Number of protein chains: 2
Amino acid sequence: MGWGDLGVFGEPSKETPNLDQMAAEGMLFLDFYTASPLCSPSRAALLTGRLPVRNGFYTTNGHARNAYTPQDIVGGIPDSELLLPELLKKAGYTNKIIGKWHLGHRPQFHPLRHGFEEWFGSPNCHFGPYDSRERPNIPVYRDWEMVGRYYEDFKIDLKTGEANLTQLYLQEALDFISKQQASQQPFFLYWAIDATHAPVYASKQFLGTSQRGLYGDAVREIDDSIGKILKHLQQLGISENTFVFFTSDNGAALISAPRQGGSNGPFLCGKQTTFEGGMREPAIAWWPGHIPAGGVSHQLGSVMDLFSTSLSLAGVQPPSDRQIDGIDLLPVILQGKLIDRPIFYYRGNELMAVRAGLYKAHYWTWSNSWEEHSKGIDFCPGQSVAGVTTHTQEEHTYLPLLFHLGRDPGEKYPLSFASDEYQRAVEHISGLVQQHKATLVPGQPQLNVCDQAVMNWSPPGCEKLGKCLKAPESDPKKCSWPH
Amino acid sequence: MGWGDLGVFGEPSKETPNLDQMAAEGMLFLDFYTASPLCSPSRAALLTGRLPVRNGFYTTNGHARNAYTPQDIVGGIPDSELLLPELLKKAGYTNKIIGKWHLGHRPQFHPLRHGFEEWFGSPNCHFGPYDSRERPNIPVYRDWEMVGRYYEDFKIDLKTGEANLTQLYLQEALDFISKQQASQQPFFLYWAIDATHAPVYASKQFLGTSQRGLYGDAVREIDDSIGKILKHLQQLGISENTFVFFTSDNGAALISAPRQGGSNGPFLCGKQTTFEGGMREPAIAWWPGHIPAGGVSHQLGSVMDLFSTSLSLAGVQPPSDRQIDGIDLLPVILQGKLIDRPIFYYRGNELMAVRAGLYKAHYWTWSNSWEEHSKGIDFCPGQSVAGVTTHTQEEHTYLPLLFHLGRDPGEKYPLSFASDEYQRAVEHISGLVQQHKATLVPGQPQLNVCDQAVMNWSPPGCEKLGKCLKAPESDPKKCSWPH
């Protein structure tokens with residue numbers, strides 16, 4: 001989902017009454033970022049509080065390439081990383097993930113090995129259907145075992161876009177919350193729905209209800225579900241005791257628009273890029289009785305802050321033996337403070353851009369290659385800013401492109417290199433970059449090697465369902481990441 | 001001001017708390033349009049309820065050219081047109097215009113000859129300063145007489161952007177409202193401020209207060225002033241008896257961005273074009289105790305509807321001897337109804353596009369000429385949609401470009417000519433076009449002739465101020481309208 005997909009962020013059909021209401025009752029973050037313009041690295045960052053370049057969710061197969069966890073990925077979340085649920089568990093929390101995991105699908109990367117007690121969902125995207133020979137369909141898990149596969153047991157009709165997965169995820173969330181409330185147990189629920197990810201889907205009752213077509217139907221179903229979850233918390237009497245945060249893992253995939261992709265509002269480009277459209281996210285904090293209603297914050301925030309903020313709420317110390325990139329947002333949320341901190345925009349192994357205050361300096365620009373672009377793959381449809389949305393990787397290390405995001409949120413007007421304003425801002429940001437790079441210890445890259453043999457041929461539980469498939473011989477290769 | 005300039009419409013710095021509050025207390029229109037992508041024709045349409053092509057506010061000097069009322073324009077609002085204040089006067093209303101008139105500056109076009117009883121403001125834009133030889137500075141009027149000139153008596157500092165005009169206009173509005181309330185007289189106030197029009201200005205107290213730079217300072221001052229006007233109505237106890245509508249006369253002038261131009265949110269291009277960015281406007285209706293708070297409407301609305309709606313509120317019959325393009329929006333505003341009606345997008349003498357429901361058909365596309373574009377005049381900076389944002393005038397009469405504005409508000413993905421959806425929608429819209437054209441009686445074009453001699457050399461009142469200048473010999477010429 002993109003920044004511009006919510007009514008409260010200016011989506012012109014204004015079809016998200018529940019999220020808009022959540023914002024009216026809580027705090028809206030206007031300058032909130034993900035840690036990567038692609039899903040897997042973002043989610044790894046969210047759960048570890050660390051940049052993908054530290055936690056290993058990146059590739060060195062090419063320069064500045066986005067990588068993720070398809071079925072044939074060999075890597076996943078390293079055991080050495082400490083995930084939010086692992087830490088919350090120590091404080092007595094029960095942790096559940098509902099939906100897409102995306103931190104590796106091999107046994108050692110299973111979410112129940114990394115702090116979660118419960119899982120209903122899938123390790124990968126719901127791509128498919130596959131033929132079960134070249135490629136198996138993606139499994140859906142309940143806890144340790146698979147309970148079926150997409151397109152086989154969990155239907156997604158690619159023609160109509162119909163699938164009832166969001167309803168399953170909603171019911172699962174409501175049940176989990178009820179159970180925790182009944183047993184008076186604190187909980188962490190990671191509700192990682194994926195209806196707005198291509199192939200986009202919605203339940204029958206939502207199909208055709210949006211002005212925006214199928215994508216809007218999916219947004220409406222998510223919005224409706226969030227309304228039901230918040231209402232459930234209120235009805236159980238635990239809303240004043242439950243911190244809820246809504247955000248997204250990357251900008252809207254404009255490459256899939258309009259049927260399968262959303263809106264990044266006034267921002268440049270989308271998913272896969274380090275322009276604002278790729279990384280600035282809708283974000284709302286909700287906690288009745290604690291967060292003043294109707295708040296709006298310009299705090300530069302990050303999904304990694306949810307790690308630190310959640311630990312703070314639970315009274316758990318963050319690990320001190322490693323660099324944590326997240327910050328505790330509670331002073332922002334509860335007292336309206338503003339904390340000075342930069343935002344680092346990474347694409348794979350490269351620091352592409354840095355934001356400090358209202359200034360953003362691009363050290364590298366790239367949308368995608370001419371070769372990919374000529375195939376019709378366009379991360380910036382209808383947009384073209386000379387020297388900015390470049391189709392070759394352009395280095396600006398010694399003379400970064402500088403934008404003032406207040407006057408120019410769309411990154412269309414680079415500041416003059418000769419201006420005092422440029423000199424001052426770049427000097428400041430370059431200091432931050434130097435400091436960042438000097439202390440950076442990159443993690444072992446997890447997204448370099450792919451192997452058909454590691455795909456989900458025979459996940460645990462497949463025997464009971466008669467759904468075990470035969471894996472081919474192992475043949476590890478460098479994964480190909482064209483973007 | 002553009003659609004995307006208000007917080008409630010998704011402006012990322014969210015600096016319009018008063019307008020956002022006005023929307024929260026009233027009704028937000030998401031699909032509201034002006035009648036022309038340029039100022040004078042829009043204002044003529046607002047006050048007559050009629051398309052510029054009917055009321056004469058267009059040019060036939062070239063095909064599909066935007067024209068307005070600079071100092072040397074010979075034409076203006078014809079006597080045969082009936083303006084909103086002329087009609088309201090019959091119902092006992094006192095009518096005042098504060099700010100920019102723009103319907104002609106020669107004596108026969110004076111607002112007090114067209115239904116207004118009071119005026120404080122100017123006939124033209126606040127361009128300048130001029131040298132008083134080639135061109136005089138624009139006069140500022142109080143009622144029948146000029147009280148000074150821009151840059152001479154009413155300072156605008158082009159370097160800092162400082163001018164206190166919005167404060168003057170605010171005080172004038174508050175005083176007028178107080179006077180009307182004291183005398184128990186119904187009133188119509190046309191508060192036509194122009195701080196967001198280049199050269200953009202703000203008062204000292206607002207300069208430097210916005211994240212958005214000077215343009216944002218101007219928006220903040222307007223927002224603050226509107227908050228004060230609404231509060232004044234409430235304090236006088238007449239808010240439940242006063243209908244207030246906020247809107248703009250064209251999309252943000254992207255050509256002047258970022259310092260002098262605003263945002264059209266997710267829409268294509270800006271002022272001067274018939275893409276959504278040029279003509280979709282922010283719009284809010286406010287009338288406590290009558291309009292339910294927090295309403296959002298998808299009614300296709302037009303500035304011309306303010307003519308019909310105001311007459312309806314005042315119990316005055318609209319003229320029956322001419323075509324009125326505005327509709328009465330009261331059923332929409334008070335009862336939440338939706339009225340089926342098309343929107344016609346004109347540029348000068350040409351019907352460029354038509355919207356019906358969520359479909360918009362372009363019969364002509366044009367941003368501006370290659371010649372103008374090569375001079376750096378760009379109405380779509382950073383945006384380029386092949387075959388859509390064309391630099392030659394492209395006719396599509398027999399195969400219009402069709403967009404679905406729900407799925408594609410940015411007009412990036414024309415529907416396939418071969419689709420059933422295309423056939424159905426275009427057949428419907430073409431019927432509307434045929435009907436519209438068959439009954440259209442174009443007015444005498446007012447914006448064809450320019451003459452240095454008619455400029456504001458010696459407006460009434462200049463003698464008292466010693467500010468009369470000598471006009472040159474009359475030398476009428478075709479006005480040049482390159483866009």
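The values are calculated or read from the model by the stated rules, or taken from the named source; none is laboratory data. All values derive from a computational prediction rather than experimental measurement. So basically every Cβ, Gly included, is an ideal-geometry build from the backbone, and we count neighbours across all protein chains shown. Calculation scope for accessible area: heavy atoms of the full protein, side chains included, ligands and nucleic acids excluded. Shrake-Rupley method; radii C 1.70, N 1.55, O 1.52, S 1.80 Å.
Listed values, structure above:
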read-out: Within the range B:7-339: Cβ-based charge dipole about Cα centre, in debye rounded to nearest 20 (Lys, Arg +1; Asp, Glu -1); value: 300 debye
read-out: Gyration tensor (alpha-carbon) shape descriptor, the range A:196-296, a/c threshold 1.5; value: oblate
read-out: Kirkwood Rh, Cα atoms: Rg over Rh of chain A; value: 0.94
read-out: Inverse mean reciprocal Cα-Cα distance (Kirkwood Rh) of the range B:1-57, Å; value: 12.9 Å
read-out: P(r), alpha carbons of the range B:425-483 - 10 Å bins starting at zero, rounded %; value: 18, 22, 23, 16, 13, 8, 1
read-out: Share, in percent, of DSSP beta bridges within the protein assembly as shown that are antiparallel, nearest 5; value: 65 percent
read-out: Net charge over other residues, Cβ less than 15 angstrom from the Cβ of residue A:352 (K, R count +1; D, E count -1); value: +2
read-out: Summed side-chain charge close to residue A:444 - residues other than residue A:444 whose Cβ falls under 12 Å, Lys, Arg +1, Asp, Glu -1; value: -1
read-out: Lys, Arg +1 and Asp, Glu -1 on Cβ, resulting dipole of the protein assembly as shown about Cα centre, debye, nearest 20; value: 0 debye
read-out: Measure of compaction for the range A:378-483 (Cα Rg per 2.2 N^0.38 Å); value: 1.79
read-out: Copy-to-copy label separations for residue A:92, where each label sits 7 Å from Cα toward Cβ, in nm and ascending; value: 7.2
read-out: Relative contact order (%) - the range A:350-439, alpha-carbon pairs under 8 angstrom, separation at least six; value: 30 percent
read-out: Cα centroid of the range A:385-402 to Cα centroid of the range B:1-70, whole Å; value: 36 Å
read-out: Alpha-carbon spread of the range B:34-179, three principal axes, descending order, Å; value: 44, 40, 26
read-out: List B:447, B:432, ordered by accessible area with a 1.4 Å probe, largest first; value: B:432, B:447
read-out: Farthest toward positive dipole pole in the range A:384-477 [+1 Lys/Arg, -1 Asp/Glu at C-beta], among A:415, A:438, A:400; value: A:438
read-out: Per-residue SASA entry for residue A:375, accessible area with 1.4 Å probe, Å² rounded to 10; value: 130 Å²
read-out: Within the range A:58-183: Cβ-based charge dipole about Cα centre, in debye rounded to nearest 20 (Lys, Arg +1; Asp, Glu -1); value: 200 debye
read-out: Exam field: residue B:236 pseudo-label spacings to other copies (7 Å along Cα-Cβ), nanometres; value: 5.4
read-out: Residue A:366 accessible area, assembled protein chains, probe 1.4 Å, Å²; value: 10 Å²
read-out: Over the range A:132-213, volume per residue of the alpha carbon convex hull, in Å³; value: 134 Å³
read-out: Unpaired by the 4.7 Å Cβ criterion, cysteines found in the protein assembly as shown; value: A:39, A:125, B:39, B:125
read-out: Point-to-point label distance, residue B:441-residue A:323, nm (Cα→Cβ direction, 7 Å offset); value: 7.6 nm
read-out: Computed over the range B:7-339: relative contact order in percent, which uses C-alpha pairs under 8 Å that are six or more apart; value: 26 percent
read-out: For the range B:263-379, with +1 on Lys and Arg beta carbons and -1 on Asp and Glu, the positive-most of B:299, B:264, B:327 along the dipole; value: B:299
read-out: Residue B:147 long-range amide H proximity, modeled H, under 5 Å; value: B:140, B:141, B:142
read-out: Sum of side-chain charges, residue A:476 neighbourhood, beta-carbon under 12 Å (Lys, Arg +1; Asp, Glu -1); value: -2
read-out: Nonlocal amide H pairs with residue B:294, under 5 Å, H built at 1.01 Å; value: B:25, B:26
read-out: Quotient of Cα Rg and 2.2 N^0.38 Å for the range B:232-390, N being how many residues it contains; value: 1.22
read-out: Exam field: residue B:157 pseudo-label spacings to other copies (7 Å along Cα-Cβ), nanometres; value: 6.7
read-out: Area of residue A:344 that stays accessible when all protein chains are in place (1.4 Å probe, Å², to 10); value: 40 Å²
read-out: Rg followed by Dmax, in Å, when the protein assembly as shown is reduced to its Cα trace; value: 29.7, 100
read-out: Inter-centroid distance (Cα atoms) of the range B:313-375 relative to the range B:187-252, Å; value: 25 Å
read-out: Taking N as its residue count, the alpha carbon Rg of the range B:350-439 over 2.2 N^0.38 Å; value: 1.15
read-out: Axis-nearest residue in chain B [Cβ, rotation onto A], distance in whole Å; value: B:10, 1
read-out: Whole-Hz couplings from phi, Karplus 6.51/-1.76/1.60, listed for the range B:161-166; x for Gly and Pro; value: x, 7, 7, 9, 4, 4
read-out: Order of exposure, largest accessible area first, which applies to A:322, A:259, A:149 with probe 1.4 Å; value: A:259, A:322, A:149
read-out: Residue among A:385, A:367, A:351 farthest towards the positive dipole end of the range A:350-439, charges placed on Cβ; value: A:351
read-out: Helix-only mean residue ellipticity at 222 nm for the protein assembly as shown, each DSSP H run of n ≥ 4 adding -39500 (n - 2.57), per residue, nearest 500; value: -7000 deg cm²/dmol
read-out: Placed amide H near residue B:188: partners under 5 Å, 5+ positions off or other chain; value: B:94, B:95, B:96
